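Working notes, beginning with the structure itself.
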Amino acid sequence: MDRLILVRHGETPYNAQGLMNPDSKLDAPLSADGEAAAERLARALDAEQIALIVTSPRLRARRTAELVAGGRGVEVRVLDDLAEIRAGSFESGPVAAFQEWVLATPSGTPAPGGESVLEAARRYLAAARLIRADPAAVVVAVTHNLPMRMLVNAADGADPLTGPLRRVPHATRSDLTAAELETAIAGLQSWLDR
C-alpha cells in the first residue's frame, strides 16, 4: 500500500440527532443527507486511482463504500476489525454521554454490555496492519469516528484517544501515506502497550 484514504461513513438518522447508532439491535442506513454527502465524496474521489476498498461491516459504512466504488470495478472487502466500538448500554443514547464516559473511564473498562476502548483499538490496529500489507497502491478504508480518529491522531504523533482530532465529520476523508500509516501503527501499538 502506498496511500490510504480513510473515509468516515455518511450520516445516519441517529447521527443527525446526536445519538449513538443502535448497532446491536439495528444496522442503521444512511439518512437522505448522509446518502447525498457520500455521493459528493464519491465524486470528489473520481480522480483517485483506487485499487481496493475495505469497509466496516456496518450498513452505513458498506453503503458509503458502494457509493465510492461506483462503476470502478474495484473489490469492496469487508473487514470486521474496522467496525465501530460496541457501545453497549450507550447505544441509541447521546454521543456526548458516551464520549464523556470514554474519557473519564480507564481504557480497559468495557462499556456495560459492550467492549473497552482497548479491545476496539486492538481491532483497529489489526485492520491497519492488514491494510498496510496489501499490495494495492491506493486503498480506501470506510470506517467510523473512533478508528479514524485514533489512526489520524497516532499518525500525527499524538495520543490516539485524546489527541486533537476528536470528532471526524461524516463523509469526509483523511489521507495517509505508507510512512504515515506506519507511524500510526507504531503509535497505536505503543499506546496499547502502556
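Selection of the range 55-86 for residues being assigned to a loop (DSSP other than H, G, I, E, B) and out of contact with any Pro (no Cβ under 9 Å at 6 or more places or on another chain) yields Pro57, Arg58, Gly70, Gly71, Arg72, Gly73, Val74. Residue pairs whose Cβ atoms lie under 9 Å apart, separated by 6 or more positions or on different chains, with the first residue in the range 112-128 and at positive phi and the second of a type in the set (Asp, Glu), are Gly113/Glu91.
Given the conditions (1) within 11 Å of the chain's Cα centre (by Cα); (2) closer than 18 Å to Pro57 by Cβ; (3) among the small types (Gly, Ala, Ser), which single one is not true for Ala126? Failing condition for Ala126: (1). The residue that is farthest from the chain's Cα centre (by Cα), counting only those in the range 73-91 that are crowded, with 17+ Cβ neighbours inside 10 Å and more than 19 Å from Tyr124 (Cα to Cα), is Val74.
Give the residue that is farthest from Leu82 (Cα to Cα), with candidates limited to residues of the range 121-141 that are of a type in the set (A, V, I, L, M) and part of a helix (DSSP H, G or I). Checked the range 121-141; the qualifying residue farthest from Leu82 (Cα to Cα) is Ala133. Of the residues examined, Glu91 is one that is acidic (Asp, Glu), in contact (Cβ under 8 Å) with a residue 40 or more places away in the chain and under 19 Å from Arg167 (Cβ atoms). Inspection of the range 180-188 finds a residue satisfying the criterion of being modelled with pLDDT of 95 or more, closer than 26 Å to Met20 by Cβ and not small (Gly, Ala, Ser). Comparison of Ile5, Ile50 shows that the only residue that is closer than 21 Å to Asp81 by Cβ, at pLDDT 95 or above, among the aliphatic types (A, V, I, L, M) and assigned to a loop (DSSP other than H, G, I, E, B) is Ile50. Taking the stated definitions as given, is Pro147 surrounded by 18 or more Cβ atoms within 10 Å (Cβ to Cβ), assigned to a loop (DSSP other than H, G, I, E, B) and in contact with a Phe, Trp or Tyr (Cβ under 9 Å, 6 or more places away or on another chain)? No: the conditions fail for Pro147.
The values are calculated or read from the model by the stated rules, or taken from the named source; none is laboratory data. The structure displayed is predicted, hence computed values, not measured ones. Neighbour counts are summed over all protein chains in view; Cβ atoms, including those assigned to glycine, are modelled from backbone coordinates with ideal geometry.
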